[in-house]
Amino acid sequence: MPNYRIYRMKEGPRQHFRLAPHVAGAADVKRKDYEEGGQVEAPNEYAAWEQLRPSRQPLDVGDLLETDSGELRICKYIGFEAAAWVLPPPDPRIAQETEVAAPAAGDSHA
């Protein structure tokens, strides 16, 4: 049976998410907007939602479930939809350091 990692949306972003219009397709989510909230074992995300519904911390709109393979599903008013972590842009200083540290093509000291 699949094991899902739970990510709870923080309250500030949740208020914005609740008021935003529904957009079809995969949702882009930021890691900083979530807190880890444990795990649940269930055959699918809907069974996980049903299992957690009577608990002290049911899944709420905006919360995420992540499979062991890294697939994210976000809880929306209409059900669960695909989601993906938004990666921060690369730090230009790190890119410059990598370019300086890497030897130029064709440079060989053999």
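The values are calculated or read from the model by the stated rules, or taken from the named source; none is laboratory data. Keep in mind it's a predicted model, so treat the numbers as computed, not measured. A quick note on method: Cβ atoms are made from the backbone with ideal geometry, for glycine too, and the neighbour counts reach across all protein chains shown.
Quick look at the values:
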{"item": "Filter result for the condition that a residue is within 17 Å of the chain's Cα centre (by Cα) and modelled with pLDDT under 95, over 26, 102", "result": "26"}
{"item": "Criterion violated by residue 82 - all others in (1) of a type in the set (A, V, I, L, M); (2) crowded, with 18+ Cβ neighbours inside 10 Å; (3) not in a loop (DSSP other than H, G, I, E, B) satisfied", "result": "(2)"}
{"item": "Residue count for segment 66-79, restricted to those that are surrounded by 14 or more Cβ atoms within 10 Å (Cβ to Cβ) and either free of Cβ contacts under 8 Å to residues at least 24 places away in the same chain or touching a Lys or Arg at 6+ places or on another chain (Cβ under 6 Å) (or both)", "result": "2"}
{"item": "Total residues in segment 56-65, condition surrounded by fewer than 19 Cβ atoms within 10 Å (Cβ to Cβ) and either in contact (Cβ under 8 Å) with a residue 24 or more places away in the chain or among the charged types (D, E, K, R) (or both)", "result": "4"}
{"item": "Positions within segment 1-24 being in a loop (DSSP other than H, G, I, E, B) and not charged (D, E, K, R), in sequence order", "result": "1, 2, 20, 21, 22, 23, 24"}
{"item": "Near pairs, Cβ below 6 angstrom, 6+ apart or cross-chain, from segment 41-55 (exposed (fewer than 14 other Cβ atoms within 10 Å of the Cβ)) to any residue that is polar (S, T, N, Q)", "result": "41/3"}
{"item": "Hits in segment 45-79 (condition: outside any strand (DSSP E or B), in contact with a helix residue (DSSP H, G or I) (Cβ under 7 Å, 6 or more places away or on another chain) and under 15 Å from residue 5 (Cβ atoms))", "result": "59"}
{"item": "Total residues in segment 1-21, condition under 10 Å from residue 34 (Cα atoms) and not charged (D, E, K, R)", "result": "4"}
